[in-house]
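The values are calculated or read from the model by the stated rules, or taken from the named source; none is laboratory data. Not measured: the values here are computed from a predicted model. FYI the Cβ positions are ideal-geometry reconstructions off the backbone, even for glycines, and counts take in every protein chain you see. Accessible surface is based on the protein model in full, side chains and every heavy atom, while ligands, DNA and RNA are left aside. Shrake-Rupley method; radii C 1.70, N 1.55, O 1.52, S 1.80 Å.
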Amino acid sequence: MRFKFSDNVSSLQPSAIREILKFTSMPGVISFAAGNPAAEAFPTEIVAEISKQLLTENPVLAMQYSITEGYPALRTLLKERLAKDNTYCEGKDDLIITSGAQQANELACKVLLNRGDTLICEAPSFIGSINAFKSYGVNLVGIPLEDDGMNMEALEEAIKAASSCKLIYVIPNFQNPTGGVMSLAKRKRLYELACEYDIVILEDNPYGDLRYDGEAVPNIKSMDTENRVIYSGTFSKILAPGFRTGYVSGPADIISKMVVCKQVADVHSNIWAQAICERFMRTVDLDEHFANLRKIYRRKRDIMLDEMDNTFSKQVKYTKPEGGLFIWCTLPDDCDMNAFCQKAVQDYKIALVPGNAFLIDENEKTTSFRMNFSTPTDEQLTKGTRILGAMTKEVLGE
């Protein structure tokens, strides 16, 4: 039987990243293609102890159905934490727990956009969100990224050209895939444009707590005097991605509509994981925990960058991120980036993510690719980067 799929999903393709990850099962392959937290970053002993306490003291909480909005104690803690830097406004905003930040971003699109409406995002951007947006038949428009964020002139031109622009999606802190940070000036200008043209901003911040160098930049949500910014976060990079525990805050009317949509999707997010996150936040020294995470990732980033500095062809340009999990590399304009990535995994057993995986149209030309330093071991980082460095010199010359 031949199946006719719905218009919403017929054009969707498998994630290029997931396809590339299949190569990682090949013997001897070193993967720089994932985006997983480091194994040594998981506080396994603490989680084991908290789990034991929960199952001893209140097993019904961890095993019974819960409310769609999320575990009240966790929601309260998150609201208090976000309010400290003006990222949550009591009386105007609300906050719910989601199944990772991915669901938060999907819900924002679902409740605000109709088929054919325009959603603007960075180019490149996170493939998971791009595919979620595509599933609703929206008109996706990508704005080129500069070193300090979106090109604001191009953004305003795109807004003017769009028939119905309702949402702008950005990852301002250590962006996936580029690792870049949007400057304060551009965050302010982005908010000004959103106000001028009556658009909602979706601010996705999965990496904000993983800053290793430089000064933190205020969240766009902290500038939100008109109540038009939705803010999504997650425990995936600071505790455990397997928990699938994220959250979304923003205008109360939008959040209440998200609750209704979430009810028909999954009833509620994993309550056991929510309870662990709440007790972890309440009992662990979070400053010390984040400092340990930053120490781990700073070391891993530096291992990769030091090897790249010493072994890569000078023809390869790459970022030196102040945080996050990724390094964005760019080959010369005349290079076939996809062939380069294919050769890397097939001949050198180094898995990379082609840059076009992060574009709205994967057929659009780019010479960039993404490298991840959080997932490999320190030994794999050293060995794999040296191998890749030798390949760059073989293919491109010194």
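The table for this structure:
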{"quantity": "Cβ pairs under 8 Å, 6+ apart, first in segment 109-132 and on the phi > 0 side of the Ramachandran plot, second of a type in the set (Val, Ile, Thr) and part of a loop (DSSP other than H, G, I, E, B)", "calculated": "Gly116/Val138"}
{"quantity": "Pick from segment 97-108, criterion in contact (Cβ under 8 Å) with a residue 60 or more places away in the chain and in a helix (DSSP H, G or I), ranking: most open to solvent (accessible area, probe 1.4 Å)", "calculated": "Gln102"}
{"quantity": "Verdict on Gly70 being modelled with pLDDT of 95 or more, among the small types (Gly, Ala, Ser) and closer than 21 Å to Val260 by Cα", "calculated": "yes"}
{"quantity": "Qualifying positions in segment 144-153 - among the hydrophobic types (A, V, I, L, M, F, W, C) and open to solvent by 30 Å² or more (accessible area, probe 1.4 Å)", "calculated": "Leu145"}
{"quantity": "Near pairs, Cβ below 7 angstrom, 6+ apart or cross-chain, from segment 286-304 (surrounded by 14 or more Cβ atoms within 10 Å (Cβ to Cβ)) to any residue that is of a type in the set (Val, Ile, Thr) and part of a helix (DSSP H, G or I)", "calculated": "Ile303/Thr382; Met304/Thr385"}
{"quantity": "Residues (farther than 10 Å from Leu107 by Cβ, surrounded by fewer than 21 Cβ atoms within 10 Å (Cβ to Cβ) and either under 21 Å from the mean Cα position of the chain (by Cα) or among the hydrophobic types (A, V, I, L, M, F, W, C) (or both)) located in segment 244-259", "calculated": "Arg244, Ala252"}
{"quantity": "Search result, residues across segment 305-332 that are open to solvent by less than 80 Å² (accessible area, probe 1.4 Å), assigned to a strand (DSSP E or B) and more than 20 Å from Ser236 (Cβ to Cβ)", "calculated": "Tyr318, Trp328, Cys329, Thr330"}
{"quantity": "Residue check, Ile130 open to solvent by less than 10 Å² (accessible area, probe 1.4 Å) and either of a type in the set (Gly, Ala, Ser) or modelled with pLDDT under 95 (or both)", "calculated": "yes"}
{"quantity": "Odd one out for Phe369 among (1) touching a residue at least 40 places away in the same chain (Cβ under 8 Å); (2) outside any strand (DSSP E or B)", "calculated": "(2)"}
{"quantity": "Number of positions in segment 1-52 that are at pLDDT 90 or above and assigned to a helix (DSSP H, G or I)", "calculated": "12"}
{"quantity": "Failed condition for Asp94, given (1) open to solvent by 40 Å² or more (accessible area, probe 1.4 Å); (2) more than 19 Å from Met281 (Cα to Cα); (3) at pLDDT below 95; (4) within 26 Å of the chain's Cα centre (by Cα)", "calculated": "(3)"}
{"quantity": "Selected residue (criterion: farthest from Thr283 (Cα to Cα)) from residues of segment 205-227 that are touching a helix residue (DSSP H, G or I) at 6+ places or on another chain (Cβ under 6 Å) and surrounded by fewer than 24 Cβ atoms within 10 Å (Cβ to Cβ)", "calculated": "Glu226"}
{"quantity": "Residues being of a type in the set (Gly, Ala, Ser) and farther than 30 Å from Lys343 by Cα - total across segment 26-62", "calculated": "4"}
{"quantity": "Some residue of segment 55-67 being of a type outside the set (Val, Ile, Thr), assigned to a helix (DSSP H, G or I), touching a helix residue (DSSP H, G or I) at 6+ places or on another chain (Cβ under 9 Å) and within 30 Å of Pro354 (Cα to Cα)", "calculated": "no"}
{"quantity": "Residue among Leu202, Leu239 that alone is at pLDDT below 95, surrounded by 23 or more Cβ atoms within 10 Å (Cβ to Cβ) and touching a Ser or Thr at 6+ places or on another chain (Cβ under 9 Å)", "calculated": "Leu239"}
{"quantity": "Segment 335-381, subset within 28 Å of Asn292 (Cα to Cα) and of a type in the set (Gly, Ala, Ser), residue nearest to the chain's Cα centre (by Cα)", "calculated": "Ser374"}
{"quantity": "Residue match in segment 333-349 (condition: open to solvent by 10 Å² or more (accessible area, probe 1.4 Å) and in contact with a Lys or Arg (Cβ under 8 Å, 6 or more places away or on another chain))", "calculated": "no"}
{"quantity": "Every pair of residues 6+ apart whose Cβ atoms lie under 7 Å, when the first sits in segment 54-65 and is of a type in the set (Gly, Ala, Ser) while the second is part of a helix (DSSP H, G or I)", "calculated": "Ala62/Leu54; Ala62/Leu55; Ala62/Ile271; Ala62/Trp272; Ala62/Ala275"}
